[in-house]
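Engineer: The structure that follows is given in the form of structure tokens.
Rule-based calculations on the coordinates, nothing more; no lab input. Just so it is clear, the structure is predicted and the values come from calculations on it, not from any experiment. Here the Cβ positions follow ideal geometry from the backbone for every residue, glycine too, while neighbour counts run over all protein chains shown.
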Amino acid sequence: MITKVGQDISYAASLLREGYLVGIPTETVYGLGGNGLDPVALANIFEVKARPTFDPLILHADRLEKVNPLVHHIPKAIQKLAKVFSPGPITYILPKSQMVPDLATAGKPTVAVRIPNHPTTLDVLSRIDFPVAAPSANPFGYVSPTTPAHVKAQLNHKIPYILDGGPSSIGLESTIVEPLEKGIQVLRLGGTSIEDLQQVITPVKVSNSTGGNPDAPGQLPTHYAPETRLRLGDPAKHVKKFKPSEIGILSFYHLYQGIPFANQYVLSPKGDLNEAAQHLFDALRKLDERNFKLVIAERFPDEGLGRAINDRLERASAKR
Ligand code: TXA
Ligand code: MG
């Protein structure tokens, strides 16, 4: 199968209607989209991604009215969040209705739903009458894609079309939240910060679990992982064991002396965490392509999107 890349929204919508998979742009990362109510399309998503079927998918819609038939009800707390943050980088875990196939939810009684904030994909979603299941468009366990080229590099020949919506503006997956009796629980740190959530609702519990049987099953300890060994910490402490040329560095805003500048990837020279998030996955891929013996990533400030960046770097550097 030839994988085309283009900007044809109506073609993307018709492929989805016919049961094919399409690479779709979102503000967080690119998704591998398919009809979320069609078990065959869902099975294809798991196959193309080599994703275990115990890991449930997120269903995407262009507006809340289209979410209603997929869920039993939408609790007040989530309605309140949706008013402020959707469309945007946030996913809600809600009690599912009969309509949602078990394959989409891995047999769970809940379904993950999201309204992405990307004009191209919102347009596609508005043209179809079913939700689009879309995991990040990368092989299971690898770094998520933030450009059409990233998707093509890994899923070439496996899907017919990648819809080009430019680079993702947020660069980190959505924050996943679940309603509690009081407040909410964050199951995955992501593009909507804890601080922003707390402006709208309290308390915000964070259980960004990393165990073997986590609440969000995709949140395994090793995830977002490049091929090259990655360490998280102070580069100055790790450099001694290697020649400077054997090391790659991922840093927030400054360059390290004694290591070739060409081996260093600075995510935001002006020290902006949102900009750093936007560039994170692209930099991890570029570093991976250089075949260094070791990549050392700085720990980011534990605030705003810095928390989600650290989370991804922790998983990417976990022992395999
Ligand atoms: O930003 C995003 O959310 C991107 C874009 C494409 O929308 N999608 C994405 O999907 O990151 P994926 O499949 O890579 O991650 C979905 C996460 C997994 O960790 C999965 O375990 C969790 O959502 N999840 C899905 N359904 C769930 C449920 N019912 N309960 C708890 N976690 C769930
Ligand atoms: Mg993913």
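Engineer: Answer rounded, prolate or oblate for the range 253-293, using the Cα gyration tensor with square roots of eigenvalues a ≥ b ≥ c: rounded when a/c is under 1.5, else prolate when a/b is larger than b/c, else oblate. Don't skip to the end; give the middle numbers.
Structural biologist: Details: a/c = 3.70, a/b = 1.25, b/c = 2.97.
In terms of gyration-tensor shape, oblate.
Engineer: Turning to a different aspect of this structure: Loop only per DSSP, at most 13 neighbouring Cβ atoms within 10 Å: give me the GluC sites (Glu not before Pro) in the range 1-105, ordered by residue number. The partial results should precede the final answer.
Structural biologist: Working: sites: 18, 27, 47, 65; in loops: 18, 27.
Counting only loop positions with at most 13 other Cβ atoms within 10 Å, the GluC sites (Glu not before Pro) in the range 1-105 are 18.
Engineer: Per DSSP H run of at least 4 residues, take -39500 (n - 2.57); add these up for the chain, divide by its residues and hand me the 222 nm value, nearest 500 deg cm²/dmol. All intermediate terms of the calculation are to be shown ahead of the outcome.
Structural biologist: Values: 11 runs with 93 residues, N = 320.
That calculation yields -8000 deg cm²/dmol at 222 nm.
Engineer: Using a Gaussian network for the chain with springs between C-alpha atoms less than 10 Å apart, which of these wobbles most: 159, 90, 45?
Structural biologist: Among 159, 90, 45, the largest mean-square fluctuation in the Gaussian network model of the chain belongs to 159.
Engineer: Where does the charge balance sit around residue 259 when Lys and Arg score +1, Asp and Glu -1, over other residues with C-beta under 11 Å from its C-beta? Each step should come with its number before you reach the end.
Structural biologist: Values: positive: 243; negative: 246.
Cβ neighbours under 11 Å give a net charge of 0.
Engineer: Could you sort the peptides 281-287, 249-255 by per-residue average Cβ neighbour count (10 Å cutoff), highest mean leading? Mind showing how you got there, number by number?
Structural biologist: Details: 281-287: 21.9, 249-255: 18.1.
Order by mean packing, descending: 281-287, 249-255.
Engineer: Let me ask something additional. Reachable lysines from residue 76, Cα under 27 Å, same-chain residues fewer than 8 places away excluded?
Structural biologist: 66, 96, 108, 182, 205
Engineer: Here's another thing I want to ask about it. Please report the orientation-averaged projected area of the chain, defined via the convex hull of its C-alpha atoms, in nm².
Structural biologist: With the hull built on Cα positions only, its mean projection is 15.6 nm².
Engineer: Next question. Quick one: dipole size for the chain, taken about the Cα centre, charges +1 on Lys/Arg Cβ and -1 on Asp/Glu Cβ, in debye to the nearest 20. Could you put the intermediate results ahead of the total?
Structural biologist: Numbers: 35 positive and 31 negative charges, 163 e Å.
Computed about the Cα centre, the dipole is about 780 debye.
Engineer: Run the simple label-point estimate for residue 205 and residue 157 please: 7 Å along Cα→C-beta, distance reported in nm.
Structural biologist: Result for the modelled spin labels: 4.8 nm.
Engineer: Percent relative contact order of the chain, based on C-alpha pairs within less than 8 angstrom and at least six residues apart?
Structural biologist: On the way: 722 pairs, mean separation 63.0, N = 320.
About 20 percent, as a whole number.
Engineer: So, by mean Cβ neighbours within 10 angstrom, what's the order for 171-179, 114-122 with the highest one leading? Walk me through the numbers on the way to the answer.
Structural biologist: On the way: 171-179: 25.8, 114-122: 22.0.
Ranked by mean Cβ neighbours within 10 Å, highest first: 171-179, 114-122.
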